[in-house]
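A short reminder: the numbers here are calculations on the coordinates, not readings from a lab. Quick caveat, the model's predicted, so the values are computed rather than measured. Methodologically, a virtual Cβ is constructed for each residue, glycine included, from the backbone with ideal geometry; neighbour enumeration extends over all protein chains shown.
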Amino acid sequence: MSAMADPLLKDQLIEDFDHLPPSRQRQAARYVHSLRSAGKREDPLPPPTPGKSLMPLAGILDDESAREILEAIEEECERVDLSEW
């Protein structure tokens, strides 16, 4: 199934793409390809888990383990690498 592109949007994308250095063009091409590939999958994400089903897990971590997890999240997950985009 092929989607029809908006001609103005397509022209703008091509113009922007042409002004990028080669390394960014490759990065943009990989990103667009990943979007296209993701659209082909029928169900790219698992179904959501209702919060109520997670309640039995509440309180199973001791304070030290919870603190270690929070520190790992702060150190590794809350950073933005501008060179990735």
**Report entry** Surface/4 estimate of mean projected area, convex hull on alpha-carbon atoms of the chain, nm²
**Finding:** 9.5 nm²
Query raised in the report: Taking the Cα atoms only, what angle lies between the long axis of helix 22-40 and the longest principal axis of the chain, rounded to 10 degrees?
Result: 70 degrees
Report summary line: If one compares the long axis through the Cα atoms of helix 63-76 with the longest principal axis of the Cα atoms of the chain, the angle in degrees, nearest 10, works out at 10 degrees
Query raised in the report: How do 23-32, 49-58, 62-71 rank on mean C-beta neighbours within 10 Å, highest first?
Result: 23-32, 62-71, 49-58
Query raised in the report: HN-Hα J couplings of the stretch 46-54 from phi, Karplus 6.51/-1.76/1.60, θ = phi - 60°, integer Hz, Gly and Pro as x?
Result: x, x, x, 9, x, x, 4, 6, 8
Query - FRET efficiency, Phe17 to Arg79 (Cβ-Cβ, R0 22 Å, nearest 0.05) - result: 0.20
